[in-house]
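Engineer: Take a look at this one; I'll ask things after.
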Amino acid sequence: MPTFKIHHITSYEYDRAVKESVNEIRIYPYLCNEQEILNHELVITSNPDIHTFTDYWGNKTGVFNIPGAHTSLVIESKLVVRTIPPNDRHLNFNIGFEELAAEVEKDLNLLELTHAEPIRNQAAINDIVKQIQQPWKSVAATVQDCSQFIFQHFSYIAGITDIETTVDDIIDHRSGVCQDFAHVMLQVMRTLRVPSRYVSGYICPNKNGLRGEGATHAWVESFIPGFGWAGIDPTNNIWVTNTHVKLAVGRNFTDCSPVKGSFKGPAIQELFVYVSVGYEDGHHFEDRNLVKKPEPQDLWLLRQAAEEAAAQQ
């Protein structure tokens, strides 16, 4: 059973002081049988009180407020987690869509996760469905073929998308990163009426050449009749094993965002994310990314909007 030491720092830097920063965090490890939390420590600027609750999707969520003026906000998570090998349950590649429909009919949560988002280019999604769907295929085989299709037909290119990129955008340029591939797969699986959810977390064997290093990784869990939720990673075209550490689940990235919030003040912010993963053999991987920086042509508009908002407060 491998043990990983994960150091995750989210850093917001402002070009002038802000105040009344209110934030919501989902950087707590997800409680499930596949991972054992050995230690978890959170350190946040100004050491605010964190109020925690369990959200609609079962994620442990924290909320905190920093009322005083500040020019930076740092959220540091130090996690030691042991991942548990899969138990004796095996995916059944013989159970089909009739059995799935019968299970979904009895569960409102599953039903909710079968509804595809309305998008402009649903025709492109339908075309993918036609290429992977066969009447004789099981649910598990269809999920696997969807992952393989995305892996083979979409290019992994970091930096060309961000958290605001839509499924339509990803389809247009057929490239992106783990978050984008997960969103495309969710659209395909839900079009097929397979309950599926977005998963955020970390992929730990970066030294083995798997794609997805950086801030956090993302993959998909689809509901397989007779088995339950099965994780699959279209970025690497693999079923999830004990090399993936789960943080949160939901309909999409918005439900699982590690950090989101707001502040008062006419400031421009930059967001940096640092992640280090340490292994039992002493090897470690680390990376620091500037997640999003306003384009020069947008800075004036952002500044003007922020100053107008501040004047109204």
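The values are calculated or read from the model by the stated rules, or taken from the named source; none is laboratory data. A quick note: this is a predicted structure, and the numbers were derived from the prediction, not measured. Glycine gets a Cβ as well: all are built from the backbone with ideal geometry, and neighbour counts include every protein chain shown. Calculation scope for accessible area: heavy atoms of the full protein, side chains included, ligands and nucleic acids excluded. Shrake-Rupley method; radii C 1.70, N 1.55, O 1.52, S 1.80 Å.
Engineer: Please list the non-local residues whose amide H lies under 5 Å from the amide H of Ile27, H modeled 1.01 Å from N, same-chain partners needing a gap of 5 or more.
Structural biologist: Gly62
Engineer: If one computes P(r) from the Cα atoms of the range 1-131, what percent of pairs lie at distances over 21 Å? Display every interim value, and only then the final one.
Structural biologist: Working: 5571 of 8515 pairs.
Cα-Cα pairs in the range 1-131 separated by more than 21 Å: 65 percent.
Engineer: Between Ser276 and Gln133, what length in nm is gained on full extension when 0.36 nm per residue of separation is reduced by their alpha carbon distance? Write down the numbers at each step before the final one.
Structural biologist: Details: separation 143, 0.36 × 143 = 51.48 nm, distance 3.95 nm.
The Ser276-Gln133 span can extend by a further 47.5 nm.
Engineer: Suppose R0 equals 22 Å; then what is the FRET efficiency for Asp168 and Arg193 from their Cβ-Cβ distance, rounded to the nearest 0.05?
Structural biologist: Details: r = 21 Å, r/R0 = 0.96.
Efficiency computed from Cβ-Cβ geometry: 0.55.
Engineer: I've got another one for you. For the range 8-132, with only Lys/Arg (+1) and Asp/Glu (-1) charged at the beta-carbon, what is the dipole magnitude about the Cα centre, in debye rounded to 20? Spell out each step's value before the answer.
Structural biologist: Values: 10 positive and 19 negative charges, 74 e Å.
Around 360 debye, computed over the range 8-132.
Engineer: Solvent-accessible area per residue for the range 54-107 at a 1.4 Å probe radius, Å²? Let's see the in-between values first.
Structural biologist: Working: 3160 Å² over 54 residues.
I get 58 Å² per residue for the range 54-107.
Engineer: OK, next. What does the net charge come to around Leu100 if you take all other residues with beta carbon closer than 14 Å to its beta carbon, with K and R at +1 and D and E at -1?
Structural biologist: Details: positive: Lys106, Lys137, Arg190, Arg193; negative: Glu98, Glu99, Glu103, Glu105, Asp107.
Net charge around Leu100: -1.
Engineer: Using only Cα atoms, what is the ratio of the radius of gyration of the range 121-231 to 2.2 N^0.38 Å? List each step's numbers first, then the result.
Structural biologist: Details: Rg = 13.9 Å, N = 111, 2.2 N^0.38 = 13.2 Å.
The range 121-231 yields a ratio of 1.05.
Engineer: What net charge do the residues around Ser138 carry, taking every other residue with its C-beta under 13 Å from that of Ser138, with Lys and Arg at +1 and Asp and Glu at -1?
Structural biologist: Numbers: positive: Lys137; negative: Glu98, Glu99, Asp145.
Net charge around Ser138: -2.
Engineer: So between Ser46 and Thr241, what do we pick up on full extension, going 0.36 nm a residue minus the alpha carbon distance?
Structural biologist: Details: separation 195, 0.36 × 195 = 70.20 nm, distance 3.75 nm.
In short, 66.5 nm is gained.
Engineer: Let's test the formula: R0 of 45 Å, r as the Cβ-Cβ distance of Phe93 and Glu20. What FRET efficiency results, to the nearest 0.05?
Structural biologist: Working: r = 53 Å, r/R0 = 1.19.
Working from the Cβ atoms, E equals 0.25.
Engineer: Assuming R0 = 35 Å, what is the FRET efficiency of Asn65 and Ala123, from their Cβ-Cβ distance, to the nearest 0.05? Can you show the working numbers first?
Structural biologist: Numbers: r = 45 Å, r/R0 = 1.30.
That pair, Asn65 with Ala123, gives E of 0.15.
Engineer: For the range 101-112, take each phi angle, set θ = phi - 60°, evaluate the Karplus expression 6.51 cos²θ - 1.76 cosθ + 1.60, and give the result in whole Hz per residue in order, putting x for glycine and proline.
Structural biologist: 4, 5, 6, 5, 4, 9, 9, 5, 5, 5, 4, 4
Engineer: Separation between the Met1 and Lys260 pseudo-spin-labels, each 7 Å from Cα along Cα→Cβ, expressed in nm?
Structural biologist: That separation, rounded to one decimal, is 3.4 nm.
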